[in-house]
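Everything on this sheet refers to the single structure shown next.
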Amino acid sequence: MSISENHPHSILSVSGLASGYGNIPILSDISFAVADGEFVGILGHNGMGKTTLLRTLMGHICSTAGVALFNGCNLTTLVPEARAALGLGYVPQGRQIFPALSVWDNLKFAALSSGNEDDAKLAEVIDIFPRLKPLLSRQGGVLSGGEQQLLALARCLATTPRLILLDEPTEGIQPSIIEEIADTLKDIQKKHHMAFVLVEQNLEFIRALSERVLIMQKGCIVQELTSEDVIKTDLVHEFSGLA
Amino acid sequence: MDYIIVLILQVLYSVASLALVCAGLAVVFGMMRVINLAHGEFIMLGGFTTVLSANAGVPLMIAILVIAPLAVGIAGYLIERLVVRHLYGRMVDTMLATWGLSLLLVGLATMVFGNQVAGVAAPFGSVTIGAYGVSLYDVFVIGITIAVLVASYFVLAHTNLGLIARGAMQNPEMASSLGASPARIYSVTFTAGAALSGLAGGILAPLSGVVPTMGAAFVAKAFITVITGGASILTGTITASGILGGISTLTTFAINPVIGDVALLLTAIILLRFLPYGITGRFFRGAN
């Protein structure tokens, strides 16, 4: 699927999307599509608009032009909670877990917010993240960065999303947990046929997971790399700012 | 011995009535970070609702425990929808708007009821302890305050509604990303805070009488107590009410009510000097 192709099996189809902060435009004419169950990476230098794109898709920044269709519904007119109700999941940069709630309550909050009062779903989610099991009664704020990231992922899964927007999940995380996160995401994608849009600076991580990588420069998507292109180190380094 | 018992009852009554007056403000300020300068007028509305209902033949307990919180809760819901909702995240604007609302409510009440004290007789009578008479209504106030605080704790700590409210209070943007509606949660929270203020006004009406300007007498003490209590809504309200109400009452007994109020203020200043995040900001982090 190409950058702007609106495929009938697309779960997310973005066309001509623009947004910014106040009068300062950040994104312009963003177009891409994500197929159901596909893992798409987004790569770019710092300040190119990757996080702004995810925040715009989630509704935390208002779009100024364009359309984002999620499972056929136009997201741009919806508040974030309505987007979440459609099945759009979000794991933001910095995790943003609820620090004064226990791990269990963080998960329960997500399940309740998505209209699920059955604890069986939470038990399923905890089985995916066994490292969280002994931490259920601990406050979110006292967990390590890696544990918080696992909790943020688990909390997102508790809302039963169809597509997850992941913003730099490896930022400040120790390598052993990064591997665990990568393995878990692969498993989730396979078992639940879930789609992902991953913004990441960690090349190994994005290579290991993404089937396609979109390159962002100055608020625009300028190129799409196939999974084969992603292996070409020089090309990726040129766009990631690591060369 | 009789004097000690009466003194203890008076301290408990003062602490309870202070906690009761603070409860609505603590919920709104603690959970929404909205400084509601019309809090005192919500108490006044609860008082007038109780007096009017009782004078219209409604049993006094129904007027106090049902009609007053219900009426002020509805008023709070409308005020949140029409005024406060549009000002979230703009603390100074919210203060100005609720201050204006406070003046409006005082003006309207004065126009409708006149600038005179209205009241109802306190029920239950009194008992004698040695040479002293103790109003049973004071004991009722202590009991109902404990019941309100326990019920509030239960709702916040052990119900799904409380969990959603606590999460949304900590990070509204993330809460909305997970599917919770911060706007609806704020609406429910403000309505609940207004209803608690109405209940306080209803309970205090038989004791203090009701006058359009009565809110001013409560709002300053309530703010001082809530700020001194710190971030944890209930634990903060209870501990700050206990310390400030206790010191104020004992000083009042020992000297006079003016020095009692001065002692309350001085204690709050000293506590905030050494505990700038309030009592619970230092000792009870994460408590409800």
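Some points to look at:
- Residues satisfying the stated conditions in segment B:55-97, i.e. among the small types (Gly, Ala, Ser), out of contact with any Phe, Trp or Tyr (no Cβ under 6 Å at 6 or more places or on another chain) and over 16 Å from B:ARG33 (Cβ atoms): B:ALA56, B:GLY57, B:ALA63, B:ALA68, B:ALA71, B:GLY73, B:ALA75
- Unique match (being more than 14 Å from the chain's Cα centre (by Cα), away from every other protein chain (no Cβ under 14 Å) and not β-branched (Val, Ile, Thr)) among A:LYS133, A:LYS121, A:LYS186: A:LYS133
- Pairs with Cβ under 7 Å, 6+ apart, first in segment B:191-217 and closer than 8 Å to B:MET44 by Cα, second surrounded by fewer than 23 Cβ atoms within 10 Å (Cβ to Cβ) and aromatic (Phe, Trp, Tyr): B:PRO212/B:PHE113
- Residue ID - surrounded by the most Cβ atoms within 10 Å (Cβ to Cβ), chosen from residues in segment B:128-140 that are touching a helix residue (DSSP H, G or I) at 6+ places or on another chain (Cβ under 8 Å) and modelled with pLDDT under 85: B:VAL134
- Looking only at segment A:26-46, residues that are over 21 Å from A:ILE164 (Cα atoms), modelled with pLDDT under 90 and surrounded by 15 or more Cβ atoms within 10 Å (Cβ to Cβ) come to 1 in all.
Matching residues to (1) open to solvent by less than 70 Å² (accessible area, probe 1.4 Å); (2) without any contact (Cβ under 8 Å) to a residue 60 or more places away in the chain; (3) in contact with a Pro (Cβ under 7 Å, 6 or more places away or on another chain):
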position	(1), (2), (3)
A:ALA100	yes, yes, no
A:ASN106	yes, yes, no
A:LEU112	yes, yes, no
A:ASN116	yes, yes, no
A:ARG131	no, yes, no
A:LEU150	yes, yes, no
A:LEU165	yes, no, no
A:PRO169	yes, no, no
A:PRO175	no, yes, no
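- Each residue in segment A:151-176 was checked for being on the phi < 0 side of the Ramachandran plot, more than 14 Å from chain B (Cβ to nearest Cβ), of a type outside the set (Ser, Thr, Tyr) and out of contact with any strand residue (DSSP E or B) (no Cβ under 7 Å at 6 or more places or on another chain), and 4 of them qualify.
- Just one of (1) assigned to a helix (DSSP H, G or I); (2) over 16 Å from the mean Cα position of the chain (by Cα); (3) facing chain B (nearest Cβ under 8 Å) fails for A:PHE98. It is (1).
The values are calculated or read from the model by the stated rules, or taken from the named source; none is laboratory data. The structure displayed is predicted, hence computed values, not measured ones. In this analysis, Cβ positions are derived from the backbone assuming ideal geometry, glycine residues included, and neighbour counts consider all displayed protein chains. Note: areas computed on protein heavy atoms with side chains; ligands, DNA, RNA excluded. Shrake-Rupley method; radii C 1.70, N 1.55, O 1.52, S 1.80 Å.
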